[in-house]
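Report on the structure given below.
The values are calculated or read from the model by the stated rules, or taken from the named source; none is laboratory data. This is a predicted model, so every value here is computed, not measured. Here Cβ is always computed from backbone atoms with ideal geometry, including for glycine, and neighbour counts include all displayed protein chains.
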Amino acid sequence: MQLVVGRIGRPHGVRGEVTVEVRTDDPDSRFAPGTTLATEPASAGPVTVERSRWHKDILLLTIEGVADRDAAEALRGTLLVVDSADLPPLADPDEFHDHELIGLTVVTTGGERVGEVADVLHHGQDLLVVTRPSRDDAYIPFVKALVPEIDLGKGILVVDPPPGLLDTEAE
């Protein structure tokens with residue numbers, strides 16, 4: 001399974017540097033110099049990171065062979081991907097890779113089916129995006145108090161939502 005770890009955005013400057021929309025919880029190691037990443041579409045890569053740096057809250061990459069703004073612009077929108085089999089196992093049993101959570105069936109502690117995990121957002125606080133039939137998506141903070149149990153073998157993620165968290169109706 002291919003996992004998206006970033007998306008190349010607009011060029012930065014005239015020397016081929018690109019902005020990256022980060023979609024991984026470990027960007028410093030994922031985009032370390034010397035790292036080679038596959039791409040979607042595959043015709044754009046693979047790409048090798050020559051240099052990475054943070055400019056304010058934006059990750060900037062210099063990619064080997066991309067020497068000017070035009071070459072950087074040609075990569076705009078390219079997804080940077082890794083194979084899930086290449087990810088190291090996590091040492092902490094209470095931590096999960098995003099791809100392990102996506103697709104899990106979400107149920108309440110009372111056994112009521114809520115929906116399915118569609119995405120995990122990393123915005124300071126990790127949020128589970130749960131798609132629900134005939135309702136708006138639910139955004140559930142991924143904290144132990146609200147997500148007391150995860151059973152990857154059974155494909156179940158149990159939530160204990162506070163009153164009101166799941167009450168949004170579809171528009």
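From the residues in region 14-40 that are at pLDDT 90 or above and part of a loop (DSSP other than H, G, I, E, B), which one is nearest to Asp98 (Cα to Cα)?
Filtering region 14-40 for residues that are at pLDDT 90 or above and part of a loop (DSSP other than H, G, I, E, B), the one nearest to Asp98 (Cα to Cα) comes out as Phe31.
Assuming Thr78 fulfils every condition listed in (1) assigned by TED's automatic domain parsing to the domain that holds Pro11; (2) among the hydroxyl-bearing types (Ser, Thr, Tyr); (3) more than 26 Å from Ser52 (Cα to Cα) apart from one, which condition is it?
(3)
Can you find even one residue in region 144-162 that is surrounded by 16 or more Cβ atoms within 10 Å (Cβ to Cβ), part of a loop (DSSP other than H, G, I, E, B) and within 21 Å of the chain's Cα centre (by Cα)?
yes
Among the residues of region 80-92, is there at least one that is more than 18 Å from the chain's Cα centre (by Cα), surrounded by fewer than 16 Cβ atoms within 10 Å (Cβ to Cβ), within 18 Å of Asp26 (Cα to Cα) and not β-branched (Val, Ile, Thr)?
yes
In region 47-62, what residues are within 14 Å of Ile8 (Cβ to Cβ) and either among the polar types (S, T, N, Q) or loosely packed, with under 13 Cβ neighbours inside 10 Å (or both)?
Matches in region 47-62: Thr48, Ser52, Thr62.
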